[in-house]
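Trainee: Please see the structure below; I have some questions.
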Amino acid sequence: MHKGRVVFGAMDEVVFGRHAAEAIVEQLDRLGARRAFLMVSGTLNRETSEIGNIRQAMGARWAGTFDRMPAHTPRAAVIAAANQAREAKADLIVTVGGGSITDGAKAVQLCLANDVSTVEGIDGIRVRGGEEPPIRAPAVRQISVPTTIAGGEFSHIAGVTDERTHVKQMLRHGLTIPRATILDPWLSVHTPEWLFLSTGIRAVDHCVEGICAREAHPWADAQAMKGLAMLTQGLRRVKADGNDIEARLDCQIGTWLSMAPLSGGVPMGASHGIGYVLGGGYNVPHGYTSCVMLPAVMRWNKSANAERQALVAEAMGQSGKDAGDVLDAFIRGLGMPRSLQDVRVGPEHFDAIAEQAMRTPWVPRNPRKIDGPAQVREILLMAA
């Protein structure tokens, strides 16, 4: 018998197939925001007119702009953004950019609510041992316009990197999920091809690890299977024609669906757990971690969940084939890296990666039980 719990989080709505500037203004009206603080992609702000158009549409309700969030959301940048938002007396944060910016704004919400103004202060609001500390709920919330498709805009979890240890740490609160997410496929045309496609594989990873988890259930399966089908088709079409706007929107909606397992209480597995370590500690781009690790994790897990893996191959239009092989060929077809060597991580790092991965929230939840670092190392060798 299935058992579980689906949490319908504190997101009000998802707006899709609309231009960001007009949709953001509608959200400001709906939420009564008077001092909206932009956290945006530096490239979009400096090299295109998109952010200027949004700022102009916001008019007097624009309270400031932060455009210096590096990849993997380092603590120092979170504090810089939080202090600027505090000084601007922001009553809403609007993000336009990739997952590091989205996560950064979630962390900023918690910094504002809990009077955190220093890098060290983040220690008091981060998750430890899987448990959230007793913290005040954010009062200044966010809306998000993603330009990549890793899916963080549909989650209340943020990953923030501690530069001292090079470890990505989790921040979490039910109210850090954006109040609204706006899916603007035209805006994503500015995203470099490698970044759009690789973060799409991150969304594929959400679907796949959700379908293959021991705790999988029908509500999450239905959305993850549809999301995986949309992503499989959409990513191929975007690779063939970067100006295929309908394909881009299909990828964005597929990403939205990919987050159903997490909201439905279904844990991710070793691909996500090892990916946390590769990103925070070895500066591997977020999406590339899934490109490199997911097929290896599937092959290592197959003895424990072959029936669930068959559903993955089916959703990807390859019924009866090995899911690890299907994913491998699919990722290669998009021109993405397929080995740890491709992302400049060598065997000399495997022991340290394996030790750190055991401390992530996901490796202990992998569908084939992982008892210790030696088994993580087996997976790393398969991905070498």
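Here, each number is a calculation from the coordinates, and none is a lab measurement. Since we're looking at a predicted model, the values are computed, not measured. Ideal geometry is used to build each Cβ from the backbone, glycine not excepted, and the neighbour counts take in all protein chains shown.
Trainee: What ranking, highest mean first, results for peptides 144-152, 262-270 when packing means the other Cβ atoms within 10 Å averaged over each residue?
Mentor: 144-152, 262-270
Trainee: Once you order the gyration tensor axes a ≥ b ≥ c over the Cα atoms, which shape class does the range 193-383 get: rounded for a/c under 1.5, otherwise prolate or oblate by comparing a/b with b/c?
Mentor: Because a/c hits 1.5 or more and a/b fails to exceed b/c, the range 193-383 counts as oblate.
Trainee: Treating only the Cβ atoms of Lys and Arg (+1) and Asp and Glu (-1) as charged, compute the dipole magnitude of the range 134-234 about its Cα centre; round to the nearest 20 debye.
Mentor: Roughly 380 debye, rounded to the nearest 20.
Trainee: I'd like to know which of 121, 196, 277 lies farthest towards the positive end of the charge dipole of the chain, counting +1 on Cβ of Lys and Arg and -1 on Cβ of Asp and Glu.
Mentor: Positive-end residue among those listed: 121.
Trainee: Can I ask one more? Residues with beta-carbon under 12 Å from that of residue 101, excluding residue 101: net charge, scoring Lys, Arg +1 and Asp, Glu -1?
Mentor: -1
Trainee: Angle between the Cα long axis of helix 99-113 and the longest principal axis of the chain, 0 to 90 degrees, nearest 10?
Mentor: Approximately 60 degrees, to the nearest ten.
Trainee: Return 50, 131, 22 ranked ascending by Cβ neighbour count within 10 Å, so the fewest neighbours appear first.
Mentor: Arranged by neighbour count, lowest to highest, 50, 131, 22 become 131, 22, 50.
Trainee: Specify which residue in the list 165, 69, 88 is farthest towards the positive end of the charge dipole of the range 13-183, using unit charges on the beta carbon of Lys, Arg (+1) and Asp, Glu (-1), about the Cα centre.
Mentor: The one lying farthest along the dipole's positive direction is 88.
Trainee: What percentages make up the Cα-Cα pair-distance distribution of the chain when the bins are 20 Å wide from 0?
Mentor: That works out to 31, 60, 9, in percent per bin.
Trainee: Taking the Cα centre of the range 13-183 as origin, sum charge times position over the Cβ atoms of Lys and Arg (+1) and Asp and Glu (-1), and report the length of that vector in debye to the nearest 20.
Mentor: I would put it at about 220 debye.
Trainee: Could you work out how far helix 373-383 tilts from the main Cα principal axis of the chain, as a 0 to 90 degree angle to the nearest 10?
Mentor: 90
Trainee: By its C-alpha gyration tensor, with a ≥ b ≥ c as the square roots of the eigenvalues, how is the range 109-179 shaped: rounded for a/c under 1.5, else prolate for a/b larger than b/c, else oblate?
Mentor: oblate
Trainee: If I model a spin label as a point 7 Å beyond the Cα along the Cα-Cβ vector, how far apart are those points for residue 135 and residue 245 in nm?
Mentor: 3.9
Trainee: Excluding residues on the same chain fewer than 8 positions from residue 89, give the lysines whose Cα lies under 19 Å from its Cα.
Mentor: 106
Trainee: Can you sort 330, 154 from fewest to most other Cβ atoms within 10 Å of each residue's own Cβ?
Mentor: 330, 154
Trainee: What is the calculated FRET efficiency for residue 307 to residue 381, with r their C-beta to C-beta distance and R₀ = 22 Å, to the nearest 0.05?
Mentor: After rounding, the FRET efficiency stands at 0.25.
Trainee: Moving on to the next point. Choose one of 155, 21, 42: the residue whose Cα lies farthest towards the positive end of the charge dipole of the chain (beta-carbon charges +1 Lys, Arg; -1 Asp, Glu; about the Cα centre).
Mentor: 155
Trainee: For the residues 206, 190, 156, what sequence is obtained by ranking on other C-beta atoms within 10 Å, fewest first?
Mentor: Ascending Cβ contact count within 10 Å gives the list 190, 156, 206.
Trainee: Also: How big is the dipole moment of the chain about its Cα centre under a simple scheme where the beta carbon of each Lys and Arg is +1, that of each Asp and Glu is -1, and everything else is neutral? Debye, nearest 20, please.
Mentor: Result for the chain is approximately 460 debye, rounded to the nearest 20.
Trainee: Here's a follow-up. Where is the GNM fluctuation largest for the chain (alpha-carbon springs, 10 angstrom cutoff): 245, 274, 143?
Mentor: In this elastic network of the chain, the residue with the biggest mean-square fluctuation among 245, 274, 143 is 245.
Trainee: Which percent of Cα-Cα pairs in the range 13-183 sits in each 10 Å bin, short to long?
Mentor: Here the calculated profile for the range 13-183 is 11, 44, 35, 10, 1.
Trainee: As I understand it, the value is the acute angle between the Cα axis of helix 245-258 and the longest principal axis of the Cα atoms of the chain; what does it come to in degrees, rounded to 10?
Mentor: 70
Trainee: Rounded to the nearest 500 deg cm²/dmol, what is the calculated helix-only ellipticity per residue at 222 nm for the chain, with -39500 (n - 2.57) per DSSP H run of length n ≥ 4?
Mentor: It comes out at -15500 deg cm²/dmol, rounded to the nearest 500.
Trainee: I've got another one for you. Which percentage, to the nearest 5, of the DSSP beta bridges contained in the range 13-183 is antiparallel?
Mentor: Looking only at bridges with both residues in the range 13-183, the antiparallel portion is about 25 percent.
Trainee: Moving on. Provide the percentage of antiparallel DSSP beta bridges, counting only those with both residues in the chain; round to the nearest 5.
Mentor: 25
Trainee: At 25 °C and 0.890 mPa s, what whole-number value in µm²/s does Stokes-Einstein give for the translational diffusion of the range 159-217, with Rh from the Kirkwood sum over Cα pairs?
Mentor: Answer, rounded: 165 µm²/s.
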